[in-house]
Amino acid sequence: MAETSTTETSKRKVALVTGASRGIGRAIAIELSRVNYDVMINYATNEAAADETAAAVVAASSVPEIHVEKCRANIADPAARHELVAQTRARFGRLDLLVNNAGVAPAQRVDLLDATVESFDRVLETNLKGPYFLTQEVARWMIEQQTSGAIDSYSPAIVNITSVSAYAASPERGDYCVSKAGLSMMTKLYAARLAREGIRVYEIRPGVIATDMTAGVQEKYDRLIDADLTPIKRWGTPEDVGRAVAAIATDLLPFSTGEVINVDGGFHLRRL
């Protein structure tokens with residue numbers, strides 16, 4: 001596992017996964033290593049957890065010389081976003097896949113009529129504004145790579161991790177729902193703009209996934225799943241989401257863009 005800068009271009013495809021220190025982001029990074037990607041692990045604060053992800057990525061790869069790096073950057077901060085892209089460029093020399101996974105939940109679930117500006121700004125800065133402008137910078141670099149012709153068979157893609165909260169209203173966490181609905185529209189916008197550049201854009205929409213974010217409401221969702229919330233009667237796992245990203249990463253959907261891939265146990269199905 002390399003931790004030093006390099007000016008050489010990676011021989012394998014490279015993925016940048018935001019919020020990859022734990023949970024869904026960690027599972028995505030691990031699954032990408034299994035399909036022979038080098039990985040840049042982005043994290044905001046927890047370096048120890050990022051180190052654990054890096055070790056798990058190396059362990060999961062069948063390629064002994066896999067290149068894994070980590071970069072601390074809060075994607076809500078414009079300067080940090082720019083540095084994240086700069087570090088990825090310096091250490092790998094290329095980028096084939098951006099996974100916008102980093103996100104935060106409201107610090108407290110409160111009634112919509114008691115919601116605060118501070119919570120709204122915090123959630124939207126990280127969950128929507130950050131990915132929106134990180135994608136802009138990455139897309140410019142991908143276009144540069146595409147037009148240079150320096151990488152053979154270059155097939156870049158961008159994946160946004162949203163949530164069933166993009167359409168399922170939860171009035172006690174309205175800021176989170178608005179952020180995910182915005183990220184869903186962002187997928188469509190970038191898909192429409194970047195198709196002409198040869199860059200595909202996808203939305204993966206998880207349902208009830210067992211992570212630190214949902215640990216506090218485990219009992220609630222246990223009851224709902226038992227009461228037929230989803231046709232597939234179990235919690236989703238971070239690995240379920242990671243495998244969906246890996247399918248995109250291995251070019252299994254070459255004639256699709258702007259597509260929504262539900263990883264929700266069938267929650268999205270309307271049933272009578």
State whether one or more residues within the range 229-249 are part of a strand (DSSP E or B) and either in contact with a helix residue (DSSP H, G or I) (Cβ under 6 Å, 6 or more places away or on another chain) or over 20 Å from Tyr167 (Cβ atoms) (or both). no
Give me the residue from the range 100-123 that is among the polar types (S, T, N, Q) and within 15 Å of the chain's Cα centre (by Cα) and, out of that set, farthest from Glu197 (Cα to Cα). Asn101
Would you say Ser148 is free of Cβ contacts under 8 Å to residues at least 24 places away in the same chain and surrounded by fewer than 16 Cβ atoms within 10 Å (Cβ to Cβ)? yes
Given the conditions (1) out of contact with any Phe, Trp or Tyr (no Cβ under 8 Å at 6 or more places or on another chain); (2) among the polar types (S, T, N, Q); (3) in a loop (DSSP other than H, G, I, E, B); (4) touching a residue at least 24 places away in the same chain (Cβ under 8 Å), and given that Gln108 satisfies all but one, which numbered condition is not satisfied? (4)
Inside the range 161-206, can you point out the residues that are of a type in the set (Phe, Trp, Tyr), over 21 Å from Ser256 (Cα atoms) and crowded, with 21+ Cβ neighbours inside 10 Å? Tyr176
Scan of the range 6-28 for residues that are over 12 Å from the mean Cα position of the chain (by Cα) and aliphatic (A, V, I, L, M), ordered by number: Val14
Condition test on Glu197, is it among the acidic types (Asp, Glu), over 16 Å from the mean Cα position of the chain (by Cα) and either under 19 Å from Arg243 (Cα atoms) or at pLDDT 95 or above (or both)? yes
Quick check on my filter: what residues within the range 152-191 are over 18 Å from the mean Cα position of the chain (by Cα), among the charged types (D, E, K, R) and either over 30 Å from Thr9 (Cα atoms) or in a strand (DSSP E or B) (or both)? Glu172, Arg173, Asp175
When every residue in the range 223-272 that is polar (S, T, N, Q) and touching a residue at least 40 places away in the same chain (Cβ under 8 Å) is compared, the one farthest from Ala168 (Cα to Cα) is Thr250
Quick one: what pairs do we get from the range 169-186, first residue of a type in the set (Phe, Trp, Tyr), second at pLDDT 95 or above and part of a helix (DSSP H, G or I), C-beta under 8 Å, 6+ apart or different chains? Tyr176/Val123; Tyr176/Asn127; Tyr176/Ser165
Please specify each residue of the range 207-230 satisfying the condition of being out of contact with any Phe, Trp or Tyr (no Cβ under 9 Å at 6 or more places or on another chain) and either closer than 22 Å to Ser21 by Cβ or surrounded by 11 or more Cβ atoms within 10 Å (Cβ to Cβ) (or both). Thr211, Asp212, Met213, Ala215, Gly216, Val217, Lys220, Leu224
What are the residues in the range 90-136 that are surrounded by fewer than 16 Cβ atoms within 10 Å (Cβ to Cβ) and not polar (S, T, N, Q), if any? Ala90, Ala107, Arg109, Asp111, Leu112, Leu113, Asp114, Val117, Glu118, Asp121, Phe133
Residue set Thr135, Thr126; condition part of a helix (DSSP H, G or I), more than 16 Å from Ala44 (Cα to Cα), polar (S, T, N, Q) and within 16 Å of the chain's Cα centre (by Cα); output residue Thr135
Looking at (1) under 19 Å from Ser163 (Cβ atoms); (2) surrounded by 22 or more Cβ atoms within 10 Å (Cβ to Cβ), find the lone condition where Ala44 falls short. (2)
Taking the options Arg34, Arg12, Arg22, name whichever one is basic (Lys, Arg) and within 30 Å of Arg122 (Cβ to Cβ). Arg22
Report yes if Thr9 is hydroxyl-bearing (Ser, Thr, Tyr), crowded, with 16+ Cβ neighbours inside 10 Å and touching a residue at least 60 places away in the same chain (Cβ under 8 Å), otherwise no. no
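The values are calculated or read from the model by the stated rules, or taken from the named source; none is laboratory data. This one's a predicted model, so the numbers in the text were calculated from it and none came from an experiment. FYI the Cβ positions are ideal-geometry reconstructions off the backbone, even for glycines, and counts take in every protein chain you see.
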